[in-house]
């Protein structure tokens with residue numbers, strides 16, 4: 001019997017028509033019978049030389065002699081079965097796991113069967129061969145049907161699982177029709193897998209719509225889609241399509257099955273929801289890599305066909321292409337990622353602007369606004385204590401990436417962000433790294449600002465101390481009691497009072513150097529403390545509510561000085577002249593409003609005519625106008641109803657930031 | 001406004017190198033009727049006086065020409081020669097109430113501070129407060145301590161069992177007191193707001209100062225030397 005090329009055909013499905021297949025099987029049968037006899041006569045004919053004839057002894061093939069492709073396919077089948085069974089065992093009541101297990105079973109049947117007939121040396125008996133071929137188709141049908149069903153129930157159940165399961169008998173029916181040779185030719189059977197993939201694609205689109213607003217399932221879907229798409233494209237490109245077009249595959253079927261395995265395992269990863277938050281990233285990388293590879297391959301093929309080289313030349317062209325397109329790929333990859341990678345300069349600038357707010361409340365607000373601008377979360381909530389998260393100190397993900405925990409910073413408490421992009425996506429490790437970098441930067445900037453302002457403060461203190469020592473000492477010398485009685489006593493007294501006032505002023509200036517840059521709230525706290533102490537020491541009760549000012553503001557040194565002097569003067573007046581027993585102080589400062597300071601006592605009041613109350617009242621007016629405001633001193637409406645002093649300063653303070 | 005004299009005359013020491021300020025301090029201290037007042041201008045003189053007399057109240061300038069006021073403070077606190085057996089009440093004479101060295105002194109056990117050049121009435125009331133055992137504190141000091149807490153400065157000693165969330169070893173109660181004072185409340189008001197006694201608040205403030213680490217004392221002395229305010233004591 002004359003041997004032909006197609007006798008060695010790895011996969012009978014490559015023969016399109018039934019007649020061709022039947023002929024093939026018939027020849028196989030004949031060859032098998034011949035091969036089974038003990039001795040076979042073989043003639044080798046080569047063009048241009050004599051025929052060589054001889055006899056060979058036949059023997060059964062040793063298991064050890066089986067080629068590696070056989071074992072590889074067996075391994076693939078085993079892995080498929082094992083992984084499917086494992087996923088199913090973890091969630092036996094879930095339909096998604098059941099369908100997945102069935103795909104594992106189908107894979108194993110298909111691969112193992114084709115392994116056996118694919119590595120045959122020459123021929124198998126037709127009945128066995130047909131049976132194996134049918135098993136292979138059955139496995140493929142089971143795989144396709146179960147895969148489609150899986151996508152109808154995972155990640156979201158689009159139809160009732162029992163309805164989805166109907167796909168399996170449908171696939172079974174298709175297989176049966178094929179096995180009974182009721183279809184016109186083999187193409188119908190080969191088309192099952194592509195058809196299944198098309199249905200899977202449709203189901204994926206439906207899933208896409210169904211998972212809107214569900215970032216976790218969306219991430220899973222993207223991953224599943226990416227793996228299935230790349231693997232199946234590879235299979236189609238390498239196996240199915242060439243067979244349909246040219247009748248011969250590009251690579252052996254055994255190796256083709258290897259391409260299925262990553263997809264298979266990828267689906268397992270998706271089912272297990274392993275590292276959900278990273279799946280998006282992986283899916284993106286996978287697709288990018290696949291597209292890049294495909295592009296390079298196409299370019300390669302085109303070049304080879306155009307130039308017409310074979311063998312080593314083709315390999316050389318392929319290698320050169322891969323190398324030269326590497327920079328292009330990197331550039332495209334970089335452009336894709338640039339949109340989500342923060343430029344260091346921008347990050348630094350944003351962080352510095354957070355810390356350079358004038359008050360703590362502002363800083364905290366800016367920090368939250370920055371986080372908002374990066375992630376647009378549905379919710380930002382402060383967290384009381386960090387201990388509840390199991391002691392993790394840095395930023396980390398919670399609930400598979402639905403929440404991001406931001407650690408405490410010098411400007412704010414710990415925060416918890418929920419549902420990135422308004423719920424459209426999950427938080428990823430990339431986000432965690434961004435937050436950690438920002439927190440570290442915040443710490444550094446805050447420390448250096450503190451160090452800088454500390455240094456500046458100490459310098460001011462040193463200067464003020466020197467100033468005090470050199471100026472006030474001579475002044476104080478004038479306070480020593482006059483030794484010479486000849487000097488006019490009244491002049492001495494007035495000199496002494498001048499000097500005392502000068503020293504008091506100096507004290508204010510000097511303290512101001514220490515307190516420069518103070519905020520309104522802190523200044524009022526300082527003044528409250530000293531005023532209450534002075535008044536209580538003079539036997540006067542004080543009603544001055546504690547508590548945060550409605551709206552804080554930064555003050556200039558001059559403003560601080562004027563406000564301090566004003567309040568001190570008012571308190572001095574009350575202590576010395578009012579003969580009061582109670583003082584009420586009220587301070588109002590709302591955003592964009594005037595500052596209003598009201599001091600009322602229940603003393604004897606003063607006569608509006610008595611303007612020569614020392615320079616006291618003039619001083620008050622002077623201080624008020626220094627602040628750009630005005631003061632009103634109300635005489636009592638009735639005896640012993642007391643005086644009310646009201647200072648109003650317009651929005652000067654609100655403008656300072 | 002005068003204090004009844006003690007059974008034995010009060011021994012008061014003023015260590016101040018500026019003559020005018022020394023005389024002002026003397027005036028303020030004369031509020032203690034019948035007290036014996038010693039005025040010296042250098043650390044050396046102060047130490048030799050310490051050997052001879054048991055001091056009840058000391059007013060110490062923070063920047064002395066031949067040594068550190070803080071070292072003198074430590075020496076005074078270590079001595080216990082006076083009849084009652086208690087160490088002397090030490091009050092620092094300083095320009096600012098937020099001076100680093102005052103902080104260090106408070107951590108080293110100073111009982112109060114006087115501000116240079118303020119009115120004698122204020123000085124007298126501060127001295128009375130110090131003798132009564134009231135801790136010296138102001139909103140500015142409270143804010144500085146809170147700042148140290150916030151930035152986690154190592155100058156605050158850690159205590160075991162302190163609440164981690166309140167950070168740097170201060171208890172929640174102490175932080176509450178500091179915050180109220182930072183807002184301008186007096187010690188009496190803090191006590192009534194928190195519903196505790198004035199004595200409790202005072203001891204809480206003292207505990208906060210006690211936590212100011214040895215480290216800060218050494219650091220402050222170093223700074224003073226570098227700023228050229230002191231020479232090394234012989």
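The values are calculated or read from the model by the stated rules, or taken from the named source; none is laboratory data. Just so we're clear, the structure is a prediction, and the values are computed from it rather than from any experiment. Note: ideal-geometry Cβ built from the backbone for every residue, glycine included; neighbour counts use all protein chains shown.
Miscellaneous remarks
- For the stretch A:409-463, filtered to residues that are without any contact (Cβ under 8 Å) to a residue 60 or more places away in the chain, more than 14 Å from chain B (Cβ to nearest Cβ) and not in a helix (DSSP H, G or I), the residue that is surrounded by the most Cβ atoms within 10 Å (Cβ to Cβ) is A:417.
- Filtered residues of the stretch A:26-53 (kept if surrounded by 13 or more Cβ atoms within 10 Å (Cβ to Cβ) and touching a strand residue (DSSP E or B) at 6+ places or on another chain (Cβ under 8 Å)): A:34, A:40
- Residue within the stretch B:63-71 that is modelled with pLDDT of 85 or more, under 27 Å from residue B:143 (Cα atoms) and within 14 Å of chain A (Cβ to nearest Cβ) present: no
- Candidates A:503, A:532: the one that is in a helix (DSSP H, G or I), facing another protein chain (nearest Cβ under 8 Å) and either at pLDDT below 70 or in contact with a strand residue (DSSP E or B) (Cβ under 8 Å, 6 or more places away or on another chain) (or both) is A:532.
- Number of residues in the stretch B:48-78 that are within 19 Å of the chain's Cα centre (by Cα) and assigned to a helix (DSSP H, G or I) equals 11.
- Flag if residue A:515 is within 11 Å of chain B (Cβ to nearest Cβ), surrounded by 16 or more Cβ atoms within 10 Å (Cβ to Cβ) and modelled with pLDDT under 75: yes
- Residue within the stretch B:128-141 that is out of contact with any helix residue (DSSP H, G or I) (no Cβ under 6 Å at 6 or more places or on another chain), touching a residue at least 24 places away in the same chain (Cβ under 8 Å), in a helix (DSSP H, G or I) and more than 13 Å from chain A (Cβ to nearest Cβ) present: yes
- Residues that are surrounded by 12 or more Cβ atoms within 10 Å (Cβ to Cβ), under 23 Å from residue A:354 (Cα atoms) and either modelled with pLDDT under 85 or within 14 Å of another protein chain (Cβ to nearest Cβ) (or both) within the stretch A:374-400 comprise A:382, A:383, A:385, A:386, A:394, listed in sequence order.
- Residue within the stretch A:64-71 that is surrounded by fewer than 17 Cβ atoms within 10 Å (Cβ to Cβ) and in contact (Cβ under 8 Å) with a residue 24 or more places away in the chain present: yes
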